[in-house]
Amino acid sequence: MLESLAAIDKAIFLFINVSLQNPVTDWAMPIITSDNVLRMAYAFTAILLLWKGNTRLRWLVLFSAITLFFSDQLSAGFLKPLIERVRPCHALTDIHLLVGCGGGYTMPSSHAANAFGQAALFSLTVRQTHWYLWVIAGLISISRVFVGVHYPFDVLAGSVLGTLIGAGVVFGFELFEKKVMYRWKPGASTTESGTGQ
């Protein structure tokens with residue numbers, strides 16, 4: 001069973017990485033998957049929310065950092081060393097490698113976990129953002145296959161992990177919102193309950 005799944009995963013990887021290669025993705029995917037680009041985009045968004053956002057959005061920046069911490073640590077710090085799956089760029093030949101292969105293991109994709117964690121957090125708390133956050137997360141995730149450093153099932157696992165973590169943090173945020181944020185609103189009674197929205 002596991003061998004069959006691995007064979008399917010490899011076949012999908014080769015189709016995306018080799019058969020679908022073209023000048024557009026060769027240019028775009030290394031940018032989309034770049035750690036420096038993603039860090040700058042995250043920092044810019046966090047600063048913008050802290051500067052222009054309301055109280056709720058400013059608190060969400062903190063919960064966003066919590067989400068990122070858990071998604072990154074669980075994927076890279078715990079599951080990858082536990083599963084010990086070798087990256088395709090170390091295991092396969094004649095692939096289309098667009099970035100450095102890097103060390104470490106491949107399952108699950110931390111990029112996918114981090115991106116989907118943020119998508120889940122913000123789409124479930126800021127409704128008008130939901131659709132394009134999932135698109136961005138999907139692009140970041142599939143970029144890992146295009147550049148040759150992850151199998152499709154790696155990014156699928158990371159996507160599921162990140163979504164679950166993001167949803168879990170949303171539960172914590174909503175509890176915080178009801179128990180703490182509402183009480184800080186002008187005119188709110190300490191005996192009342194509310195959402196703080």
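Summary table below
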{"quantity": "Residue count, the range 11-61 (criterion: among the charged types (D, E, K, R), modelled with pLDDT under 95 and over 18 Å from Ser110 (Cβ atoms))", "calculated": "3"}
{"quantity": "Residues of the range 1-20 satisfying the condition of being part of a helix (DSSP H, G or I) and aliphatic (A, V, I, L, M)", "calculated": "Leu2, Leu5, Ala6, Ala7, Ile8, Ala11, Ile12, Leu14, Ile16, Val18"}
{"quantity": "Verdict on Val160 being at pLDDT 90 or above, in a helix (DSSP H, G or I) and either within 30 Å of Phe13 (Cβ to Cβ) or over 18 Å from the mean Cα position of the chain (by Cα) (or both)", "calculated": "yes"}
{"quantity": "Filter result for the condition that a residue is touching a residue at least 40 places away in the same chain (Cβ under 8 Å) and touching a Ser or Thr at 6+ places or on another chain (Cβ under 6 Å), over Ser75, Ser64", "calculated": "Ser75"}
{"quantity": "Where a residue in the range 101-116 is assigned to a loop (DSSP other than H, G, I, E, B) and its partner, wherever it lies, is at pLDDT 95 or above and among the acidic types (Asp, Glu), with Cβ under 6 Å and at least six apart", "calculated": "Thr106/Asp154; Met107/Asp154; Pro108/Asp154; Ser109/Asp154"}
{"quantity": "Close pairs from the range 132-156: first at positive phi, partner outside any helix (DSSP H, G or I), Cβ under 8 Å, at least 6 apart", "calculated": "Gly148/Ile95; Gly148/His96; Gly148/Leu97; Gly148/Leu98; Gly148/Val99; Gly148/Cys101"}
{"quantity": "Residue that is crowded, with 17+ Cβ neighbours inside 10 Å and modelled with pLDDT under 95, where the choices are Leu175, Leu124", "calculated": "Leu124"}
{"quantity": "Yes/no for Arg58 being over 21 Å from Ser159 (Cα atoms), basic (Lys, Arg) and either assigned to a helix (DSSP H, G or I) or within 20 Å of the chain's Cα centre (by Cα) (or both)", "calculated": "yes"}
{"quantity": "Any hit, the range 133-141, residues being under 30 Å from Pro88 (Cβ atoms) and either over 16 Å from the mean Cα position of the chain (by Cα) or hydroxyl-bearing (Ser, Thr, Tyr) (or both)", "calculated": "yes"}
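The values are calculated or read from the model by the stated rules, or taken from the named source; none is laboratory data. Predicted model only: the values in this text are computed from it and were never measured. Positions of Cβ are generated from backbone atoms using ideal geometry, with glycine treated the same way; all protein chains shown enter the neighbour counts.
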